[in-house]
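Everything below concerns the one structure shown next.
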Amino acid sequence: MNSIITIIANILAIYRRELQSYFASPLAYGIATIFWLLAGFLLVILVFGPQGLLTQSAFTDQAVPLDLPYEFIQFYLGLLGSLAMFILPALSMGLYTDERKQGTLELLATSPITNWAVALGKLLGVVTFFFTMVLPLLVLEAAVVGSSDPPFNLQLLFLGHLGLILLAAAVLSLGMFISSLTESSVLAAILTFSLVLVLFVIEGIAGGLPGPLGVAIAHLSLLKHYSDFTQGVLDVSGLVLFLSYTVLGLFLTAQSIEAFRFQRN
């Protein structure tokens, strides 16, 4: 029991340290600002633009009703997912490369805290920071569709953002592993973006493969399972896939740091 409490305390200590580093980092604020500006611009265009929600609602044929709030949320969440593909590698690139630059990676690798506990604390910190970036957008979206008639089912809104956070956790975990392999933050970001891009388009690649092999590879697609969430579908297979990518990233990161400690010894 005491060992479990100690492990949890260590994870929380790393979590607080990592979260404080993000809220004290000008780079993190710069990334958040870019994300908010682009996401806010897209939101304004989708609501007030020439083909936006308000314009379409004025010309919608009442005999053929169109669920514009649903279409808006689904399309906007899709755009946020695409935007996150660029933002998340920038957030994960410094998770371990900064430790190398500051000379603290060896201290972490040789500390009594297990490697996976350090990795989990770091991952929880960066996922929390990303959640704080998404939260204002969630409030804005709820304000846009909250006054719709008939009332909009907010379950889709929250389910879609749950998918976005799960997607972020998977990408950030894999990005953390890549960050543990190099001293270059830029290289870590580029490699993470390349990996995420492959995992986004892999369903299209799998379409050219025969039979069960193509089906199995298509199942690895981040985009396919994220799209299910944006459509209000809580697919267990998608949930398992995102969690599997997250656990895989944690495991590979712990093994990478273990290899680093072995090299130092």
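Taking the condition part of a helix (DSSP H, G or I), more than 17 Å from residue 96 (Cβ to Cβ) and among the β-branched types (Val, Ile, Thr), does residue 240 pass? Spelling it out, residue 240 is indeed part of a helix (DSSP H, G or I), more than 17 Å from residue 96 (Cβ to Cβ) and among the β-branched types (Val, Ile, Thr).
Does residue 220 count as of a type outside the set (Lys, Arg), assigned to a helix (DSSP H, G or I) and either in contact with a Ser or Thr (Cβ under 6 Å, 6 or more places away or on another chain) or under 27 Å from residue 79 (Cα atoms) (or both)? When the stated conditions are applied, residue 220 does not pass them. The set of residues in region 226-264 that are surrounded by fewer than 18 Cβ atoms within 10 Å (Cβ to Cβ), at pLDDT 90 or above and of a type in the set (Val, Ile, Thr) comprises 240, 247. Residues considered: 223, 195, 167. Of these, the only one that is under 15 Å from the mean Cα position of the chain (by Cα), buried (at least 20 other Cβ atoms within 10 Å of the Cβ) and not β-branched (Val, Ile, Thr) is 167.
Taking the criterion of being assigned to a loop (DSSP other than H, G, I, E, B) and either surrounded by fewer than 21 Cβ atoms within 10 Å (Cβ to Cβ) or under 12 Å from the mean Cα position of the chain (by Cα) (or both), the residues of region 170-184 that qualify are 181, 182, 183, 184.
Counting only residues that are over 20 Å from residue 25 (Cα atoms) and hydrophobic (A, V, I, L, M, F, W, C), region 121-144 holds 7 of them. Of the residues making up region 1-41, those that are surrounded by 14 or more Cβ atoms within 10 Å (Cβ to Cβ) and of a type outside the set (A, V, I, L, M, F, W, C) are 10, 15, 18, 21, 22, 25.
Could you please let me know if residue 158 is part of a helix (DSSP H, G or I) and surrounded by fewer than 21 Cβ atoms within 10 Å (Cβ to Cβ)? When the stated conditions are applied, residue 158 passes them.
Screening the candidates 187, 222, 174 for the property of being without any contact (Cβ under 8 Å) to a residue 60 or more places away in the chain and in contact with a Phe, Trp or Tyr (Cβ under 8 Å, 6 or more places away or on another chain) yields one hit, 222.
Which one of these is in a helix (DSSP H, G or I), within 28 Å of residue 6 (Cα to Cα) and either in contact with a strand residue (DSSP E or B) (Cβ under 7 Å, 6 or more places away or on another chain) or without any contact (Cβ under 8 Å) to a residue 12 or more places away in the chain (or both): 95, 124, 135, 107? Among 95, 124, 135, 107, only 107 is in a helix (DSSP H, G or I), within 28 Å of residue 6 (Cα to Cα) and either in contact with a strand residue (DSSP E or B) (Cβ under 7 Å, 6 or more places away or on another chain) or without any contact (Cβ under 8 Å) to a residue 12 or more places away in the chain (or both).
Within region 153-181, being among the small types (Gly, Ala, Ser) and under 19 Å from residue 85 (Cα atoms) holds for 160, 163, 168, 169, 170, 173, 175, 179.
Counting the residues of region 101-154 that are under 16 Å from the mean Cα position of the chain (by Cα) and modelled with pLDDT under 85 gives 0. Every test in (1) outside any helix (DSSP H, G or I); (2) more than 18 Å from the chain's Cα centre (by Cα); (3) not basic (Lys, Arg) is passed by residue 258 save one, and that test is (1).
Filtering region 135-178 to residues that are small (Gly, Ala, Ser) and under 25 Å from residue 249 (Cα atoms) leaves 160, 163, 168, 169, 170, 173, 175.
The values are calculated or read from the model by the stated rules, or taken from the named source; none is laboratory data. Please read these numbers as outputs of a predicted model, since none were measured by experiment. Cβ atoms come from the backbone with ideal geometry, glycine included; neighbour counts cover every protein chain shown.
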